[in-house]
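Worksheet for the structure shown next.
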Amino acid sequence: MSRATRTARPTWPVVAAVILAAVGLAGCARTAVIHPYVVTGQPSLSIDAPLENVACTAAGSCLAVGVDDAGPTPVAAGELRQGGGRWTPLVVPNAPQQTITASACWTSQCLIAGSTSSGDSLWTYDPKSLSVSVSPAPHGGRGVSAVSCFAPGSCAVVDSTGVAGDSRISFSDDGGTTWSTPLSMQWTTDTAVTALACYDGFDCLAAATNARSHVLLEVTHDRGLTWSPLAVPSTWTTLTSLTCVQSHCVALASTSATSLVVRTGSFFREWKDLALADDASALACATLTHCVVVGHTPSRGPWLATLKGVHVTNITLKYVPAALVDVACGAKVCTAIGDATVMALRP
C-alpha cells in the first residue's frame, strides 16, 4: 500500500541493538500477539535491511519487505506471515538502486511497486508458491509511485517518465503480466503523486502534491483518458493511504500542523476530517469503518491506533522500539511494521 513521507529513522545498528535487547526480555517466540488493546512487537527476521512496506491479501496472507541499498551491493529482505501468525523468511529479488514505494493486493496475490536503476520495479507475490518474483512493468517508466488493485488480477499503476515531470497511468487485467499503453496524466506536471484508488477498470481517484505543498485530487471515469479536478481543503499538504468503495473513501491527509483521517461519502463534494494527536505515516482498513493507523508520537516513539467510525483508540505497544512506517489489512487481521519490527492485530 501507498503511505505518507517517511520520517527520519534511527541509525540501523542502533535499532538492531534495541531489538535484540527486546528479544532477550520477551523471549524467543516468533508468533505475533493479536490483542485488541495490547500489541506485542516481534523483531524482524533480517537485520540486513529495514522493512519499508507491508501488504496483505484479502485471504489474510501478509508479507513485509525492505531494501538497503546504501552499501556496495543492494540487500533486500522479506518475511511472510501465515494464517497461524508465524513469520518466516521470504526470498525477494535484489536490484541496483532498488526502492519500494507502494503495494496492493487482491484475494490471491499482491503487487509490490517501486523503482530500480533501470526504471519501474514490480514484484508479484504468490501465496500458493510462497514466492516473490519480478513482474513485467509498463514500458518506459522511471519509477512507480502508486498502485491500486480493484478486482482479482485487475490493477492500475501510476509511474513517471522522468522527462517533463508528468506521471502516467496503466492498467492490467491479468495480474501484471501485461499492461495497457500508458496514458499521460498531464495535470501531474511538477507534482508528486501520493495515492491512487480505483474501484473498477474505469473509475479512479489520484492524489498529488504540487510545488506549493497543496493537494491536487482528480478523478477519471474513462480509464485515464480524461481527468477532472475535485475540490479539497486548501490546508491539505498531502493525501495518502487512499481507499475507496465507489464514492465512499477514507484516507490520511496532513496539514502544516497535524495529521487527519478524512472521509467522503458524497461523491467527493465534501470531506469530513478527524484530527489525530500523533503523526501518522500510514492507514489501512479492513472495511471503510474499521481501520488501523500507525506512525509516531511527538517524542518520536511508536504509535498505533484503531479507528472504528469516528472513534480513535490508542493501542498499548510492547517491545516496539521505533516509529511504525506501514500497515496493511486483510479481511480479519491487520499487520503493522517498523524498520525492524512486525506485529498483528484485529482491526
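The values are calculated or read from the model by the stated rules, or taken from the named source; none is laboratory data. Please read these numbers as outputs of a predicted model, since none were measured by experiment. Counting neighbours? That spans all protein chains shown, and the Cβs are built from the backbone with ideal geometry, glycine included.
Of the conditions (1) closer than 30 Å to Thr181 by Cα; (2) in contact with a Ser or Thr (Cβ under 6 Å, 6 or more places away or on another chain); (3) of a type in the set (A, V, I, L, M, F, W, C), Leu230 satisfies every one except a single condition; which number is it?
Looking at each condition in turn, Leu230 falls short on (2).
Got a sec? Which of Ser241, Ser234 is in a strand (DSSP E or B), out of contact with any helix residue (DSSP H, G or I) (no Cβ under 9 Å at 6 or more places or on another chain) and small (Gly, Ala, Ser)? Outline the logic, then answer.
Values: Ser234 fails: in a strand (DSSP E or B).
When all the criteria are applied, what remains is Ser241.
Six or more apart or on different chains, Cβ atoms under 6 Å: show the pairs whose first residue is in segment 163-190 and in contact (Cβ under 8 Å) with a residue 40 or more places away in the chain and whose second is of a type in the set (Asp, Glu).
Final answer for the pair search is Trp187/Glu218.
So for segment 254-263 (the condition being among the small types (Gly, Ala, Ser) and surrounded by 15 or more Cβ atoms within 10 Å (Cβ to Cβ)), does at least one residue qualify?
The answer is yes, given that some residue of segment 254-263 is among the small types (Gly, Ala, Ser) and surrounded by 15 or more Cβ atoms within 10 Å (Cβ to Cβ).
For the subset of segment 193-234 comprising residues that are buried (at least 20 other Cβ atoms within 10 Å of the Cβ) and among the hydroxyl-bearing types (Ser, Thr, Tyr), which member is farthest from the chain's Cα centre (by Cα)?
The extreme case among them is Thr220.
Among the numbered criteria (1) in contact (Cβ under 8 Å) with a residue 60 or more places away in the chain; (2) farther than 21 Å from Ala102 by Cα, which one does Ala328 miss?
So Ala328 meets the others, but not (2).
If I ask for residues that are out of contact with any Cys (no Cβ under 7 Å at 6 or more places or on another chain) and part of a strand (DSSP E or B), which ones from segment 97-111 would you list? Before the answer, list the steps.
Applying the first criterion (out of contact with any Cys (no Cβ under 7 Å at 6 or more places or on another chain)) to segment 97-111 yields 97-102, 107-110.
Correct list: Thr99, Ile100, Thr101, Ala102, Cys110.
It is to be established whether one or more residues within segment 61-68 are modelled with pLDDT under 85 and of a type in the set (Val, Ile, Thr). Before you say what the answer is, go through the steps one by one.
Step one: of segment 61-68, the residues modelled with pLDDT under 85 are none.
There is no residue in segment 61-68 that is modelled with pLDDT under 85 and of a type in the set (Val, Ile, Thr).
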